[in-house]
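Below you'll find the structure, written out as structure tokens, and then a few comments.
The values are calculated or read from the model by the stated rules, or taken from the named source; none is laboratory data. If you're wondering where the values come from, they're calculated on a predicted model, not measured in any experiment. All Cβ positions, even for glycine, are placed from backbone atoms using ideal geometry, and neighbour counts span all protein chains on display. Each accessible area value is taken on the protein alone, full model and side chains, heavy atoms only, with ligands, DNA and RNA left out. Shrake-Rupley method; radii C 1.70, N 1.55, O 1.52, S 1.80 Å.
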Amino acid sequence: MSFRQVFDQYNWEQVHDDILSKSEADVIRALEAPRRTLEHFKALLSPAASPYLEHMATRSRHLTLRRFGNVIQLFAPLYVSNECQNICTYCGFSMDNFLQRKTLDETELLQEARYLKERGYDHVLLVSGEANKTVNPAYFQAALRPVNPLFSQVSLEIQPLDESDYRMLIDEQLHSVLVYQETYRQDRYKIYHPKGKKSNFYYRLETPDRLGRAGIHKIGLGALLGLEDWRTDSFFTALHLQYLEKTYWATRYSISFPRLRPCAGAGADAAQPASMITDRELVQLICAYRLLNQEVDLSLSTRESSHFRDHIISLGITSMSAGSKTNPGGYSVAPTSLEQFEIDDSRPPEEVARMLSRKGYQPVWKDWDPVLQKQRG
Ligand code: SF4
């Protein structure tokens, strides 16, 4: 069984209506439940939970400290290419945007990697657009070989691949893969992804299954918050997480919370948020995930403001990017090339680390279990 069969049993509208119909009594039952279910999660996501936010935040903070301690993992994205054969209506790298395309060669890639290493990072996330002629499995195999020895972990956020390609990259010590569904609303998915391989909803939906079967150490999930109703998309993300945890129990998981951001190059027809998620609602969502699941890593990127990030870290987050550049070569090779999206928290990593220390957190520059991961190959 793959997640597709689970997913096909659900109806978007029905889930949406269920969430909105939750009452305060449902929220109280969810808060008091010894083991929370996805029905409880719906209540915690619902508007009825808003008056209980402080209570949820206190519980979330307590559960996170108990499981993860006062540690926040830091990582940096390293954009290797802005070439892309897809049209995504919300992204600066979309094929129909006119911009100079750039793919790092091995020398440039190593220059960027060494720049990040010198700044203390020990976990790097290689990111690229989806262009199979240039940034294909062979490119990443060649990239992992020189970059891997520099870091405790190297992760990927690239086009979805076949299972055999993932196996080959795991043999190269690949640590984890992030693959966001963007939206689980199937009937509108194609509006945002009209052209290219990404328009295949089910191929993307089944990517975590292929990763799980290939034996990856960790999988990152998420929805692009704002494309469609964020509550319903978050329910489906949690459903996906629950299925994966039961099916591929040796794999670890993370959830990210990308909010739709402005991007350069996008025209007037660019996707506008269908359902803005406010700061307060994002706090509610993060706490709801933690109350549902005490094991999952919760990750926040530099899309968010420094003010918001500084205040949210103690409520459930366990990892963050810092000092990010979202253009290929953006750290040291080509600092002026076009970004994928605008970042908000532009502080250098040392400043983020100092902020964490001031708040009583230990910044850790890598993911968990590096020794175990290095032994897998
Ligand atoms: S979101 Fe990814 S696949 Fe879509 S245009 Fe941007 S880089 Fe390409």
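Brief remarks on what is shown
- Accessible area ranking (1.4 Å probe, heavy atoms, ligands and nucleic acids excluded), largest first, for Asp279, Asp229, Asp297: Asp279, Asp229, Asp297.
- Cα-based Rg / Dmax (Å) for the chain: 19.6, 60
- Cβ charges +1 (Lys, Arg) and -1 (Asp, Glu), total dipole of the chain, debye: 740
- A simple count of charges around Asn86, restricted to other residues whose Cβ falls under 10 Å of its Cβ and scoring Lys, Arg +1 and Asp, Glu -1, yields +1.
- Each other residue within a Cβ distance under 14 Å of Leu161 adds +1 if Lys or Arg and -1 if Asp or Glu, for a net charge of -3.
- Charge dipole of the chain about the Cα centre (unit charges at C-beta), most positive-ward option of Ala138, Phe68, Leu260: Phe68
- Axis angle, to the nearest 10 degrees, between helix 53-68 and the longest C-alpha principal axis of the chain: 50 degrees.
- 12 Å Cα-Cα reach of Lys246 towards aspartates and glutamates, excluding residues that sit fewer than 8 places from it in its own chain: Asp209
- The separation of the range 9-42 from the range 104-141, counted between C-alpha centres, amounts to 41 Å.
- Considering only Ile219, Leu161, Tyr192, and ranking their Cα positions along the charge dipole of the range 76-233 that arises from unit charges at the beta-carbon of Lys, Arg, Asp and Glu, the one farthest toward the positive end is Tyr192.
- Computed over the chain, the per-residue total of -39500 (n - 2.57) for DSSP H runs of n ≥ 4 gives a 222 nm mean residue ellipticity of -12000 deg cm²/dmol, rounded to 500.
- Highest-MSF residue in the chain out of Phe98, Phe41, Phe257 [GNM, Cα springs under 10 Å]: Phe98
- Portion, in percent, of the accessible area of the chain that falls on carbon or sulfur, probe 1.4 Å: 50
- Accessible area per residue, Å², the chain with all protein chains present, probe 1.4 Å: 41
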